[in-house]
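None of the figures in this text is laboratory data; all of them are computed from the coordinates on show. For clarity, every value in this text was computed on a predicted model and none was experimentally measured. All Cβ positions, glycine included, derive from the backbone under ideal geometry; neighbour counts span all protein chains shown.
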Amino acid sequence: MIDRLSASLDYFQNTLSLRARRQEMLSSNIANADTPGYKARDIDFRQELERMTEQGGQQGPLNLSTTSSRHIHGQAPASAAGGVDMLYRIPSQPSLDGNTVDMDMERVNFADNAMRYQADLQFMTSRIQGLRSAMQSGN
């Protein structure tokens, strides 16, 4: 019984986690709009959600690369990068300083992602309320 309840909420947990990670990326893009050479990043939301669903929400460790033999070798927890494959956005208008942030696109993506996050949160809340109601009516 608990497994079914958990499985029914896993999708929402994965969705909210990915939306929060994407919001961080979009915020970083907006914050670095004037940074020379900054490359705008994003994720393929659908692909990442499918991957997380197939893995049962499990995210593997993040391997660290070193640039010097004096660096400490190790692994960071998956939460450090959110366990998602970050993609670099192809700029619609090249800039002289190498920055690929398009503020109009970033603002639209930020607002859209925030709206979808709120909708997913409301769906999850409705689902929990429905499950709670079903459990209470059985008493």
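Tell me, what is the FRET efficiency for D112 and S68 to the nearest 0.05, using R0 = 41 angstrom and their Cβ-Cβ distance as r?
The formula returns an efficiency of 0.50 here.
Please give the FRET efficiency for M86 paired with A7, using the beta carbon to beta carbon distance and R0 = 25 Å, rounded to the nearest 0.05.
FRET efficiency, M86 to A7: 0.35.
Taking the mean number of other Cβ atoms within 10 Å as a proxy for protection, how do you rank 87-99, 6-18 from highest to lowest?
Per-residue Cβ counts within 10 Å, averaged per peptide and sorted highest first, yield 6-18, 87-99.
When the Karplus curve 6.51 cos²θ - 1.76 cosθ + 1.60 is applied with θ = phi - 60°, which whole-Hz ³J(HN,Hα) does each residue of region 30-39 get, with x for Gly and Pro?
Going residue by residue, I get 5, 5, 9, 4, 9, 7, x, x, 6, 9 Hz, with x marking Gly and Pro.
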